[in-house]
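All remarks here apply to the structure that follows.
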Amino acid sequence: MLSLDRVRPSADDLIAVFAAVSAVAGSYAAVGFTPAFVASPLERHLARRMPGIVVSYAIQYLGSLGQQLNLVTAVGLVVAMFAVVTRLALEIGNTQRSDIVSIILTGAGVLLLGTVITGSLLSGGGSALGSALALAIGSASAAVPTDGDTNPGRRRVLASLGTAAGVSAVAVALSSWQSDADSATGPESDNGASSVPTDASAEVQTALQTASDRSLDVDGLDPLVSDDFFNVDINAVDPDIRAESWALSVTGAVEDEVHVDMDDIRSMDSRSEFFTLRCVGESRNGKKMDNALWTGVPIMDLVEQANPDSDCDCVMLQAADDYFEEFPIEALNGGMLAYEMNGRDLPRSHGYPLRALVPGHWGEINVKWLTEIEILDREAEGYWEKRGWHGTGPVNTVAKIHAVNDLDDGRTQVGGHTYAGTRGIAAVEVSTDGGDTWNEARLSDPLVDDPVDHDGAPGQTPHSPDVWRQWSYEYEPPGGTHEVVARAIESNGTVQPNEETNAFPGGPSGWVSKTLDR
Ligand SMILES: Nc1nc2c(c(=O)[nH]1)N[C@H]1C(S)=C(S)[C@@H](COP(=O)(O)O)O[C@H]1N2
Ligand SMILES: [Mo]
C-alpha cells in the first residue's frame, strides 16, 4: 500500500514549486505579455496541435476562454519544468550542504531552460532571477530565527512562497504600468474611437466626425465607429513586432518578387476608408462585428508590381504568428494594407504594424501582422479551413438586435447594426408579431455615399462600400409576450435568407429574433 506520507510533498518539493512560479513571474516582469514570455511558445504549440474539432468548439462555445485554457496549461507545464530543475539543484546542494550551490545551480539551470524555450536572454534572465531570489530569501529566512516560528524548514517554505507572490505582484505592476505608458503613446492603445485624434489628417478627422454625426441616437447601440473593436486571434499572446524590423514580401508564382519595409509602405499614396469586419465564428446575434476607419495603401498595387502568374489565381497571406489564409487573388481588389486605425497607429492586437483588409469577406482572411503575400499555383487550405471552417468567402447578411429600450412616451424601441458586405444594405424590415407583418426601420445614413469602382480597374464592377449601418424601430408594445424579428434587404432587393445555420462551418445565417414582454 502506498502510504500518504510518501506522496506528501517535502519542504524541498514545495520550495521548488514556489521558486518555479517565481521564475515564470520573473519572465513576465522582464518581457511582459509578449511572445518572449516563457509560457508563450508552449501555448502556441498547444494552439497549433489542438485537433480542429476542439478548436472549432472552443471558439464557438468558450470564445477566448479556449485560448486562456491553453495559456493556463502552458504556464502549468513551464512551472513543472522549472520545478524539476530547481528540485535537482536543491538535491545537489543538500549533498554539498551548501545553499549557495543550490541557488547558483538553480539560477544557471533556469537561465538555460528559459532562454532555450523563448530564445530570449532577457526572459531567461528574468526567470533565473525570480527562482534564485526565492531560494536566497528562503535560505536567509531559515538562518534567521523569528519568535513564534522555530521551524526553519517551514520558514524557508513560507519565504519562498512569499517571494513568488512578491515577484508576481511586481510583474503585474510592471506590465500595467507598461501598458499605461504605451496607450499614452502608441500601438498598444485601444482603437481610440471615442476621441478624434487631434494630430490626424483632415481627411481622417472629417471621416470620424461624419461617423459620429451619422450615428443614430439609440441607447445601448454602439456608434458607427466601434468604441471597442472585437479581437479574434489564434494565440493568447499576440506578436510584438517593431515597425523598424518588419518586412513584407510578395513571393511565389510571380515574375518579380517584391520586398518592402514600413518606410516603403508609408511613402506610397495612402487613403483612409471604413471597413467593417465580421468573424465567421460569431453567433447569429453576436458581438464579433465592428467597424473602423483604416488608413493604408491599395494591396493590389503591391501585388501587381510583382507581376503574378498564377495557375489557380489564388493567394496565401502569411503572418508573424504563423497564421495563413488562402483565397482567390480577385478578393484583394479594393483591399488595403492598413497601418492606422481611427487615425492612430494600428494597435498591436489588430495587427501592428500592418494588416490586410479584404472588402466584404469574413474577418478571417483580413490577416494581421502580415509578412508575406504568396501567389500560389495550386489551391491550398488556410489555418481555419484545415480545421473544418469555410470562412474565406463573402460575409453573410445580417440585421442584429442589440438595443431594446422603453421610451418615455410608452413606445418600445429596438435597434442594431446591419451588414451585407459589399452587397450593401437597402433597408431593414422589422416584425413585432413573429414574422406575420413587416415594417421598414429607420436606417443611419450611409457612411460612404458612392459605390466603389476600384479606381476604374478594368473588369471590376462597382460595389457598395464595405460598411455596416445602424437601424432602429419604434412601436406600441402589445402588452404581453411578442416576438421581434429583424431582416435586412440587400441593395439589389434580395431579402436576407431566413434559413438558420450555426457559425460552424460557414458562418451564422438567418433572421435575428428576440422574444420581448412589455
Ligand atoms: N495573423 C492573424 N490574422 C488574423 C487572425 C489571427 O489569429 N492571426 N484572426 C483572424 C480572424 S478569425 C478574424 S475574425 C479577424 C479579427 O480581426 P480583429 O482581431 O482585428 O478584430 O482577424 C483575422 N486575422
Ligand atoms: Mo474570425
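The values are calculated or read from the model by the stated rules, or taken from the named source; none is laboratory data. Just so it is clear, the structure is predicted and the values come from calculations on it, not from any experiment. Neighbour counts are summed over all protein chains in view; Cβ atoms, including those assigned to glycine, are modelled from backbone coordinates with ideal geometry. For the accessible areas, the whole protein counts, side chains as well, though only heavy atoms, and no ligand, DNA or RNA atoms are used. Shrake-Rupley method; radii C 1.70, N 1.55, O 1.52, S 1.80 Å.
How many residues does the stretch 324-346 contain that are farther than 19 Å from S267 by Cβ, assigned to a strand (DSSP E or B) and open to solvent by 30 Å² or more (accessible area, probe 1.4 Å)? Lay out the reasoning, then the answer.
Of the residues in the stretch 324-346, the ones farther than 19 Å from S267 by Cβ are 324-335, 341-344.
Going one step further and asking which of them are assigned to a strand (DSSP E or B), we end up with 324-328, 341, 344.
Restricting the remaining residues to those that are open to solvent by 30 Å² or more (accessible area, probe 1.4 Å) gives 324, 328, 344.
So the count comes out to 3.
Remark: pairs (first residue in the stretch 28-39, within 17 Å of G351 (Cα to Cα) and assigned by TED's automatic domain parsing to the domain that holds A173; second residue surrounded by 24 or more Cβ atoms within 10 Å (Cβ to Cβ) and small (G, A, S); Cβ separation under 9 Å; 6+ apart in sequence or on different chains) = F33/S40; T34/S40; T34/S123.
Any chance you could count how many residues in the stretch 225-259 are in a loop (DSSP other than H, G, I, E, B) and either exposed (fewer than 14 other Cβ atoms within 10 Å of the Cβ) or in contact with a Lys or Arg (Cβ under 6 Å, 6 or more places away or on another chain) (or both)?
Start the filter on the stretch 225-259 by keeping residues that are in a loop (DSSP other than H, G, I, E, B), which leaves 225-242, 246, 253, 255-257.
Those left that are additionally either exposed (fewer than 14 other Cβ atoms within 10 Å of the Cβ) or in contact with a Lys or Arg (Cβ under 6 Å, 6 or more places away or on another chain) (or both): 227-228, 230, 235, 238, 242, 255-257.
The qualifying residues number 9.
Contact map, the stretch 359-385: first residue on the phi > 0 side of the Ramachandran plot, second residue open to solvent by 20 Å² or more (accessible area, probe 1.4 Å) and within 8 Å of ligand 1 (Cβ to nearest atom), Cβ cut-off under 8 Å, separation 6 or more or different chains; pairs are W369/A320; W369/Y323. Among the residues of the stretch 143-156, is there at least one that is in the same structural domain as A29 (by TED's automatic domain parsing), modelled with pLDDT under 85, under 24 Å from Y28 (Cα atoms) and open to solvent by 40 Å² or more (accessible area, probe 1.4 Å)? The answer is no; no qualifying residue exists.
I'd like the residue in the stretch 210-224 that is open to solvent by less than 30 Å² (accessible area, probe 1.4 Å) and within 25 Å of the chain's Cα centre (by Cα) and, out of all such residues, is farthest from ligand 1 (Cβ to nearest atom).
If we filter the stretch 210-224 for residues that are open to solvent by less than 30 Å² (accessible area, probe 1.4 Å), which is where we start, we get 211, 215-216, 218, 221, 224.
Those still in the list that are within 25 Å of the chain's Cα centre (by Cα) too: 211, 221, 224.
Details: A211: 18, L221: 19, L224: 16 Å.
Result: L221.
Filter the stretch 37-52 down to the residues that are touching a helix residue (DSSP H, G or I) at 6+ places or on another chain (Cβ under 9 Å) and either assigned to a helix (DSSP H, G or I) or surrounded by fewer than 24 Cβ atoms within 10 Å (Cβ to Cβ) (or both) and list them by number. S40, P41, L42, E43, R44, H45, L46, A47, M50, P51, G52 - these are the residues of the stretch 37-52 that are touching a helix residue (DSSP H, G or I) at 6+ places or on another chain (Cβ under 9 Å) and either assigned to a helix (DSSP H, G or I) or surrounded by fewer than 24 Cβ atoms within 10 Å (Cβ to Cβ) (or both). Every residue in the stretch 347-406 that is acidic (D, E), within 15 Å of I234 (Cβ to Cβ) and surrounded by fewer than 21 Cβ atoms within 10 Å (Cβ to Cβ), please. Answer for the stretch 347-406, where residues must be acidic (D, E), within 15 Å of I234 (Cβ to Cβ) and surrounded by fewer than 21 Cβ atoms within 10 Å (Cβ to Cβ): E381, E385. When the stretch 279-300 is limited to residues that are touching a strand residue (DSSP E or B) at 6+ places or on another chain (Cβ under 6 Å) and among the polar types (S, T, N, Q), the one that is surrounded by the fewest Cβ atoms within 10 Å (Cβ to Cβ) turns out to be N285.
Filtering the stretch 260-283 to residues that are more than 16 Å from ligand 2 (Cβ to nearest atom), within 30 Å of D450 (Cα to Cα) and outside any helix (DSSP H, G or I) leaves M268, D269, S270, R271, S272, E273, F274.
For G421, state whether it is within 16 Å of ligand 2 (Cβ to nearest atom) and open to solvent by less than 60 Å² (accessible area, probe 1.4 Å). Spell out how you get there, then give the answer.
Working: within 16 Å of ligand 2 (Cβ to nearest atom): yes; open to solvent by less than 60 Å² (accessible area, probe 1.4 Å): yes.
Spelling it out, G421 is indeed within 16 Å of ligand 2 (Cβ to nearest atom) and open to solvent by less than 60 Å² (accessible area, probe 1.4 Å).
Does at least one position in the stretch 291-303 carry a residue that is of a type in the set (A, V, I, L, M, F, W, C) and either within 13 Å of ligand 1 (Cβ to nearest atom) or free of Cβ contacts under 8 Å to residues at least 40 places away in the same chain (or both)? Scanning the stretch 291-303, I find at least one residue that is of a type in the set (A, V, I, L, M, F, W, C) and either within 13 Å of ligand 1 (Cβ to nearest atom) or free of Cβ contacts under 8 Å to residues at least 40 places away in the same chain (or both), so the answer is yes.
So for the stretch 357-373 (the condition being more than 13 Å from ligand 2 (Cβ to nearest atom) and at pLDDT below 95), does at least one residue qualify? Looking through the stretch 357-373, none of the residues is more than 13 Å from ligand 2 (Cβ to nearest atom) and at pLDDT below 95. When residues in the stretch 78-126 are screened for being part of a helix (DSSP H, G or I), open to solvent by 60 Å² or more (accessible area, probe 1.4 Å) and over 22 Å from S10 (Cβ atoms), 5 of them pass.
Say we look at the stretch 1-32 and pick out the residues that are at pLDDT below 90 and among the hydrophobic types (A, V, I, L, M, F, W, C); which of these is most open to solvent (accessible area, probe 1.4 Å)? Across the stretch 1-32, the extreme among qualifying residues is M1.
May I ask you to verify whether D222 is out of contact with any strand residue (DSSP E or B) (no Cβ under 8 Å at 6 or more places or on another chain) and either part of a helix (DSSP H, G or I) or under 22 Å from T295 (Cβ atoms) (or both)? Answer is no for this residue.
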